[in-house]
Every structure is written in C-alpha cells, then in structure tokens.
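Asks: Can you keep this structure in mind? I'll have questions shortly.
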Amino acid sequence: MSQPARFESNAAFINYPKQTAFGRTLPKNKIYEHSGANTRLKDLFVEQVEQIVWQYKLAPETINLPAKPGVPELQIFTIQLKTAELNLDVLRCIDGAVQFPIIYELSFDGRTQVIAAYKRPNESDASRWVLSDYFATAWLPSDVERAAMPLALDLGSLYEQVLHRLIPTPARQQEGLADLVARVEQVAAKQREVEKAASKLAKEKQFNRKVEINAELRKLKKSWRSSTSDR
C-alpha cells in the first residue's frame, strides 16, 4: 500500500487553543461498532495502535468560529502507536466511524507525524463521506515547536488551511482545495505507473520487450512531468 508524500515542515504541528482541549480516550470497540470493522482491521488495531485520544474539538462553541457545510466541527485525534508504521486502513476505518473531518497526530518513540485526508460529504448522499489520499508531515521530535493556528473566518476555511499545510504541492492561481487534491492524487497515480514500468524494465530479459517497455516508460515520464509542472 502506497504511503503518503512526506512534508518536511512543522507548520502542520499546530498549537491548538486551550479551550478546545477535549482529552477523551476512544475505545477501539466503539470504532469497530460504528465502522463495521472486519477481523483483519481489528487485528491491525490490536497490532499497531496503543491508544486513541480525541485530543481537541474545534467547534462553534469551543473556538467561536461558525460551522460550514461539510465542516460542522474539526476534530484532532492523537494516536499512540505500538509500531513505527501504521496501515492507512486504520485511519480510513476511524474516518468512516466518525462523522466529522479529522486531523491525526501519530506518535511513536518520541516522534510525531501529522496526517489527514481531505474528507467531505458525498454529493449524492450527505450521510456518507468521501476520503482523498492521506497527506502527512515527516516524523519530527514530539516536542517540536508548534506553529500558531491559522486565522480563519469559519471552520471550513480553517480546515482548508490546515490541509494546505500538509500537502507538499503548492496550489496554482485560483485553484481550490478540491482541485489541488485531485491534481496531487493524479500525479501520485502517474508516479506509481512510472515506478511499475521501471521495475518491469529492470526484470525483463528479452530485448524486444525491453525496447517496448522503455518507450512506454518514456511516455509515462513525460506525462508525469507535465502533470507536476506549475502551470
């Protein structure tokens, strides 16, 4: 399973206001109940997750910012890990169980990583949520200096600004968050195609097939470069 691109910055490590502190431990079995987790997912939680804490609740009553459609509240969950890697299906499971956008802070061995997907209601069924790929910071020391929370007029704008701090690709002029996320996902998909073709080329012994794969690889690289250009 592909891992998210890592953003080498502490801008997403935010100093959330004290009045938003919630500090409630989330039992894993509650997440299982609300997500319909299968045996494989439950095993991943047991193997990889020590504890999940609902650390901050950013809502109109705690932060004095109005809600927006799709962002009635913004939750910050901290997850203490048992292992250095977390299978992203664990986060997808939690996102499926909790009906709010979530920013995660994962901690392991004195280091922390901020990670989140762009989460929005399904246009045809508002009770269901659509998740993008996950975007993450690099692992940094847990006591890293935290940045000030972005200034925003509402929770929707705050959520978008926090996500921008996680996405390593800058937005183009007049490009909204949804379009930026779609472009970044497309670039990642093309990059996976390039890596797959390069791996196939390295393994191929037959000369004619090598020529064919090499031509395909050149075409894929050209397409990938054009999708990453800042137009």
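The values are calculated or read from the model by the stated rules, or taken from the named source; none is laboratory data. Predicted, not measured: the structure shown is a model, and the values here were computed from it. Note that we place each Cβ from the backbone using ideal geometry, even for glycine, and neighbour counts take in every protein chain shown. Note: areas computed on protein heavy atoms with side chains; ligands, DNA, RNA excluded. Shrake-Rupley method; radii C 1.70, N 1.55, O 1.52, S 1.80 Å.
Asks: Mind checking which of Ser124, Ser107, Ser157 has the largest fluctuation in a GNM of the chain, springs on alpha carbons under 10 Å?
Replies: The residue that fluctuates most here is Ser124.
Asks: How many Å² of accessible area per residue for the stretch 1-155, probe 1.4 Å?
Replies: Per-residue accessible area for the stretch 1-155 comes out at 50 Å².
Asks: Okay, next question. Counting other Cβ atoms within 10 Å, keep those with at most 13, restrict to DSSP loop, and tell me which trypsin sites (Lys or Arg not before Pro) in the stretch 115-153 are left.
Replies: Taking the stretch 115-153 and a limit of 13 other Cβ atoms within 10 Å, the loop trypsin sites (Lys or Arg not before Pro) found are Arg128, Arg146.
Asks: Let me check against my output: what whole-number percent is the relative contact order of the chain, with C-alpha pairs under 8 Å and at least 6 apart?
Replies: RCO, the chain: 20 percent.
Asks: Could you give the dipole magnitude of the chain about its Cα centre, charging the beta-carbon of Lys and Arg +1 and that of Asp and Glu -1, in debye to the nearest 20?
Replies: My answer is approximately 940 debye.
Asks: Taking only Cα atoms and a 10 Å spring cutoff, compute GNM fluctuations for the chain and point out the largest among Thr62, Thr25, Thr39.
Replies: Thr39
Asks: If you don't mind, another one. Which pairs break 20 Å Cα to Cα here: Lys196/Lys222; Lys119/Lys221; Lys30/Lys68; Lys200/Lys222; Lys190/Lys222; Lys82/Lys196? Walk me through the numbers before you get to the answer.
Replies: Details: Lys196/Lys222 15 Å; Lys119/Lys221 30 Å; Lys30/Lys68 27 Å; Lys200/Lys222 18 Å; Lys190/Lys222 10 Å; Lys82/Lys196 31 Å.
From Lys196/Lys222; Lys119/Lys221; Lys30/Lys68; Lys200/Lys222; Lys190/Lys222; Lys82/Lys196, over 20 Å: Lys119/Lys221; Lys30/Lys68; Lys82/Lys196.
Asks: Among Arg218, Arg111, Arg165, whose mean-square fluctuation peaks in a Gaussian network model of the chain (Cα, cutoff 10 Å)?
Replies: Ranking Arg218, Arg111, Arg165 by mean-square fluctuation puts Arg218 first.
Asks: Between beta-carbons, use under 14 Å as the cut-off and find the net charge around Val53, counting Lys and Arg +1, Asp and Glu -1.
Replies: +2
Asks: Continuing with the same structure: Which parts of the stretch 89-122 would a label at Arg40 reach, counting a residue when its backbone N lies under 15 Å from a point 7 Å out along Cα-to-Cβ?
Replies: In the stretch 89-122, the label zone of Arg40 (backbone N under 15 Å from the point 7 Å along Cα→Cβ) covers 89-93.
Asks: Give me the percent of the accessible area of the chain that comes from carbon and sulfur atoms, probe 1.4 Å, all protein chains in place. Write down the numbers at each step before the final one.
Replies: Values: 6410 of 12790 Å².
Within the chain, the accessible surface is 50 percent carbon and sulfur.
Asks: Rounded to the nearest 0.05, what FRET efficiency do Lys68 and Arg172 have when you use their Cβ-Cβ distance and R0 = 22 Å?
Replies: 0.40
Asks: Pick out, in residue order, every one of the GluC sites (Glu not before Pro) in the stretch 137-231 that is DSSP loop and has at most 11 other C-beta atoms within 10 Å; say none if there are none.
Replies: Hits after loop and neighbour filter: Glu145.
Asks: When only DSSP loop residues count, what GluC sites (Glu not before Pro) in the stretch 47-112 have their Cβ near at most 11 other Cβ atoms within 10 Å?
Replies: Glu85
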